[in-house]
Every structure is written in structure tokens, then in C-alpha cells.
Amino acid sequence: MMRVVETFASHLHQPDASVELLAFDIAAVAAPHLDVAAQLARIDLLAQLAGARLGSSTIDQPSAAEFLQVFTGDLAFHGNQDDYYDPRNSLLDAVIERRTGLPIMLCLLCIAIGRRLGLRVDGLGFPNHFMARFVDGEGEWLIDPFHNAVVAAWEAEEYLASVVGRRMTLTQELFEPVTARDMALRILNNLRSAYFMRSEVDRLLDVLRLQAVMVPENPHLWRDRAVLHFRQEAWEEAAHDLRRYFSLLGALPHLFPDDVQSAFDLSPL
């Protein structure tokens with residue numbers, strides 16, 4: 001797992017790292033020997049198939065509806081509404097293989113395919129539901145591959161209310177494209193929830209290790225790691241994580257006032 005963490009950390013620091021590359025790094029939690037180059041080639045092939053289909057249906061730039069039709073029709077991707085919390089819905093290699101996944105994973109593939117075809121497709125991280133923005137000759141559209149829908153931007157609040165079951169006010173900030181890093185963190189959060197619900201402690205700890213690379217300043221992350229290590233009777237790791245937790249809360253000097261700096265090594269394990 002250490003190699004997976006190091007690779008993920010290395011890619012995170014590359015300004016041009018694609019979101020699909022980070023997603024495959026995350027998928028290595030479940031498949032440590034995943035051939036990332038081969039998986040990227042699968043997305044290349046999907047883009048070729050989509051491009052051929054779009055090229056035969058339109059002379060000019062494809063519309064959002066045409067693009068989504070190819071993605072959900074010809075490429076057969078769809079949202080997994082029957083088993084939403086299956087961890088495989090957040091593992092990109094499994095999403096490609098099974099042609100189903102969570103909203104963010106389907107949008108990720110729309111973004112990756114669109115980029116390869118020279119199309120403008122961005123990710124939008126709305127609360128409780130991820131969507132993509134597609135820019136065509138007629139303007140900007142929101143596409144929801146999970147529900148196979150194309151929505152005008154001005155209809156976003158009404159549409160999201162129907163999807164998530166409650167109304168919300170969308171600020172302009174929410175219409176700003178999210179970064180690859182933001183998407184990676186959201187994927188990890190989804191995967192963390194899925195493994196937690198299934199009590200898959202080893203996989204859950206692996207996800208927390210990747211999250212610690214992204215947000216090491218989050219105290220709750222170290223608290224959760226400590227609890228899981230305690231359950232595994234991994235005493236040294238549990239103690240380390242608790243010390244990091246209390247340190248981030250500013251409580252370490254109060255709990256251990258005598259020479260805190262020399263008494264504890266707070267480097268990552």
C-alpha cells in the first residue's frame with residue numbers, strides 16, 4: 001500500500017495530472033497491481049468510439065444531448081441506482097468494466113472523453129449530487145449521466161431539488177469548475193463511506209491513508225484512523241494517530257506538558 005500512497009502523492013503534486021489518473025491511483029486501493037497505462041488506454045478507446053459515433057451524427061460540434069446519448073446509449077454507461085453504496089461504484093476501473101457507477105465517476109468519464117475529443121466538459125460539485133457542464137454552440141448545459149438528463153443552467157435549482165429531495169440555493173461559486181484534486185477528494189469521501197458501511201476496515205484504512213496525503217490538517221481523519229487501528233490492536237499506529245489528533249486540536253501540550261516535541265514523533269506512519 002505504501003507504493004500506492006507514494007504514487008498518489010506524486011501525481012497530486014503534478015499540476016497537469018488528469019482526474020482520471022488520480023482516480024486510477026485511488027482504485028489501486030482495491031487493486032494494488034492495477035495497470036494504469038492499460039486503463040488509460042481504455043478511456044482512449046472509449047473516446048475513439050464516441051468520436052466516431054458523434055462524427056457520423058453531426059457535422060458541427062455535437063450538442064450536449066448528442067454527447068450524452070452516445071455516452072449512455074452507444075457506450076452504455078448508466079447510474080447504479082440499485083446498489084448505490086457498492087464500493088465498485090467509486091473505483092474507476094470497475095466503473096469502466098461494469099459500465100455503472102456514482103454520478104461523479106460517470107461525470108469524470110464524460111470529462112475525460114470530452115477532453116480527448118476537444119470538447120468543453122467540466123465538473124460541477126453541487127451539494128449531494130455531482131454534474132458536468134457541457135458547452136456547445138447553443139450555450140452551456142448541465143448534463144447528468146447518472147439520470148441521463150440534460151438541464152439548462154437556469155433550471156439547476158429546480159432539477160437538483162427533484163433529484164436530492166430538497167430545495168437549495170446555488171451560489172455562483174458552485175458553477176465554477178472543480179479541480180482534479182477536488183474531485184479526487186470527493187471520490188475518496190464516497191469510497192470511505194462505502195467501506196465504512198460494509199465494515200471493510202483494511203480498505204477503509206487505505207482510503208484514510210490517501211486522504212491523509214490530501215488533507216493532513218484534518219483532525220477527524222486522524223481520530224478515525226486511531227479508532228480503526230485500536231480495533232485492530234495496532235497499538236503503535238493508534239497511539240501515533242491519537243497524538244496527531246490531539247496535536248492538531250492544540251491539546252497535546254495540555255495532555256503531555258513535559259517536553260512534547262522530544263517525547264513524540266508526529267511524522268506520518
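Between the labelled values (1) 59, 49, 35; (2) 73, 42, 36; (3) 62, 41, 39, the entry that holds Cα extents along the principal axes in Å as derived from this structure is (2). What does the C-alpha gyration tensor say about the overall shape of the stretch 180-256? Classify as rounded when a/c is under 1.5, otherwise prolate if a/b is larger than b/c, or oblate. Note, shape of the stretch 180-256 comes out oblate. When DSSP beta bridges are limited to those with both residues in the chain, what percentage is antiparallel, rounded to the nearest 5? For the chain, the DSSP antiparallel bridge percentage is about 90.
Comparing VAL121, VAL70, VAL207 in a Gaussian network model of the chain (Cα springs below 10 Å), the most mobile by mean-square fluctuation is VAL70.
Within the listed set GLY250, GLY79, GLY114, the Gaussian network model of the chain (springs between alpha-carbon atoms below 10 Å) gives the highest mean-square fluctuation for GLY250.
Between the stretch 79-96 and the stretch 123-202, the C-alpha centres lie 16 angstrom from each other. Projecting label points 7 angstrom from Cα along Cα→Cβ for GLU97 and SER10 puts them 2.4 nm apart.
Each Lys or Arg adds one and each Asp or Glu takes one away; over the other residues whose Cβ falls under 14 Å from the Cβ of ALA52, this sums to -1. Residues in the stretch 11-36, backbone N under 15 Å from the label point at LEU49 (7 Å along the Cα-to-beta-carbon vector): list them, ranges by number please. Label zone hits: none.
With n ≥ 4 as the cut-off for DSSP H runs, can you work out [θ] at 222 nm for the chain, using -39500 (n - 2.57) per run divided by the number of residues, rounded to the nearest 500? Don't jump to the answer; show the numbers that get you there.
Details: 13 runs with 145 residues, N = 269.
When only DSSP H runs of four or more count, the value is -16500 deg cm²/dmol.
Of HIS11, HIS220, HIS78, the residue with the greatest mean-square motion in the GNM of the chain, using alpha carbon springs below 10 Å, is HIS220.
Here, each number is a calculation from the coordinates, and none is a lab measurement. From a predicted model like this one, the values you see are computed outputs, not experimental measurements. Quick reminder, even Gly has a Cβ in these numbers, built from the backbone with ideal geometry, and neighbours come from all protein chains shown.
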